[in-house]
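All remarks here apply to the structure that follows.
The values are calculated or read from the model by the stated rules, or taken from the named source; none is laboratory data. None of the values given here were measured: they were computed from a predicted structure. Cβ sites come from the backbone with ideal geometry, for glycine too, and all protein chains shown count toward neighbours.
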Amino acid sequence: MATIKQTLDELMTLEGALCCAVVDSSSGMMLASAGAGIDMEVAAAGNTEVMRAKTNTMRALGLHDVIEDILITLGKQYHIVRPASRKDGVFLYLVLDRQRSNLALARRKVFDADQALMF
């Protein structure tokens, strides 16, 4: 089991990691963050809207499933959003430099971080 700080510190060990956060999706506010490179307050609020939109779309389509993660691929970055499995309304958010990161490894690391995270 890991604290939020330990979880973020572990995510930042990934090659190409720029920043990461744990976000409360009911408010769009960060619970904690690590790293630099983008305005994490803005990113937390924006990705809260992404999570809400996808959840609402799934509900409208009658999909009875869960979001494992959402990948946003930009020209220079990967953004991974993963709902916390142990706490509703919270998600992990990781930003990676696309040139220096291994996407498969990063997704696995976010999964592992989620499994270890305690609230």
Would you mind stating whether residue 108 is of a type outside the set (A, V, I, L, M, F, W, C), at pLDDT 95 or above and touching a helix residue (DSSP H, G or I) at 6+ places or on another chain (Cβ under 8 Å)? no
Would you confirm, using the coordinates I've provided, whether residue 106 is within 18 Å of residue 13 (Cβ to Cβ) and assigned to a helix (DSSP H, G or I)? yes
Among the residues of segment 99-115, which ones are surrounded by fewer than 14 Cβ atoms within 10 Å (Cβ to Cβ) and not polar (S, T, N, Q)? 100, 104, 105, 108
Considering segment 71-94 alone, what residues qualify as being touching a His at 6+ places or on another chain (Cβ under 9 Å) and within 25 Å of residue 1 (Cβ to Cβ)? 93, 94
